[in-house]
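Following: one structure in structure tokens, then a few remarks.
The values are calculated or read from the model by the stated rules, or taken from the named source; none is laboratory data. What you are looking at is a predicted structure, and each value in this text was computed from that prediction instead of being measured. Backbone-built Cβ (ideal geometry, glycine too); neighbour counts: all protein chains shown. Just the protein is used for accessible areas: all its heavy atoms, side chains included, with ligands, DNA and RNA removed. Shrake-Rupley method; radii C 1.70, N 1.55, O 1.52, S 1.80 Å.
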Amino acid sequence: MSRPELFVLTLKGLLAWLVLSGLVLFLGEWLIISLFPLLKAVMISMAPDLSPSLKLLKSAQSQLDYSIELSAWVLRPIYLNASHFIPPSNVLKSSAHLLHSFVPFVIEGSILLVWPLQHWRQRLLLIGLGLLTAVLVIMATLPAQLLGKLEISFQDIAEAGSNPRPVPWFVDWMVFCELDGRWLFAVVAAWLCIGFQRVLHRT
């Protein structure tokens, strides 16, 4: 690829990033609410002792800035250590920034929108695959982030006593995602979409 072609591709990537960022900024509320049933189903499978509820909270500083709040009703006693447990009927809360949650969607979409293709049908197929995998990436990261924030706040209490519980697996997963793991998932998802699109185009 020549230098001018690389320059044009970079400009297209920046433009795609800006367009998708604007889309998330103005339509992110509707997009995330449509995913609430799937997010709750994933969280129930990850933490069956909790009954999750999700809602959006608007920032006092900006009308376009939202946070996703998780309210988790404790269904059964949650063991922490030999002396402490979380009793039933407690409500635990955590939150995540809405725009931060859509970072994988913006990264993956930017790659797919500028990837060189020969026909518009290939682009439509690639965008369709991208939307599907972007939802899967959000399902793999956001529930762990919300539940992990709940659990990590109790882990210090658990480890201060005897016979502490093991660290829930999704806490480590949350830490990995926060350490740029979600960026990696977005790039891998884009690469898989491009590869699958090539296979379908050949067949």
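Filtering L92, L38, L112 for residues that are at pLDDT 85 or above and closer than 30 Å to L9 by Cβ leaves a single hit, L112. Within the range 143-151, is even one residue open to solvent by less than 70 Å² (accessible area, probe 1.4 Å) and in contact with a Cys (Cβ under 7 Å, 6 or more places away or on another chain)? Yes, the range 143-151 contains at least one residue that is open to solvent by less than 70 Å² (accessible area, probe 1.4 Å) and in contact with a Cys (Cβ under 7 Å, 6 or more places away or on another chain).
Restricting to the range 154-170, count the residues that are part of a helix (DSSP H, G or I) and without any contact (Cβ under 8 Å) to a residue 24 or more places away in the chain. Qualifying residue count, the range 154-170: 3. So, E178, is that one of a type in the set (D, E, K, R), more than 15 Å from the chain's Cα centre (by Cα) and assigned to a helix (DSSP H, G or I) or not? Spelling it out, it is not the case that E178 is of a type in the set (D, E, K, R), more than 15 Å from the chain's Cα centre (by Cα) and assigned to a helix (DSSP H, G or I). Residues of the range 5-25 that are touching a Leu at 6+ places or on another chain (Cβ under 7 Å) and more than 18 Å from I138 (Cα to Cα): A16 alone. Any residue at all in the range 36-57 that is farther than 22 Å from G148 by Cβ and open to solvent by 50 Å² or more (accessible area, probe 1.4 Å)? Looking through the range 36-57, none of the residues is farther than 22 Å from G148 by Cβ and open to solvent by 50 Å² or more (accessible area, probe 1.4 Å). Scanning the range 80-94 for residues that are closer than 16 Å to L70 by Cα and either open to solvent by 50 Å² or more (accessible area, probe 1.4 Å) or over 29 Å from the mean Cα position of the chain (by Cα) (or both) gives S89, N90, V91, K93. Could you tell me whether V188 is in a helix (DSSP H, G or I) and touching a residue at least 12 places away in the same chain (Cβ under 8 Å)? No. Every test in (1) farther than 24 Å from D49 by Cα; (2) among the basic types (K, R); (3) in contact with a strand residue (DSSP E or B) (Cβ under 9 Å, 6 or more places away or on another chain) is passed by R123 save one, and that test is (3).
Out of the range 177-199, which residues are at pLDDT below 90 and open to solvent by 70 Å² or more (accessible area, probe 1.4 Å)? E178, L179, D180, W183, F196, R198, listed by residue number.
Of all residues in the range 129-153, those being small (G, A, S) and either under 20 Å from S94 (Cβ atoms) or without any contact (Cβ under 8 Å) to a residue 12 or more places away in the chain (or both) number 4.
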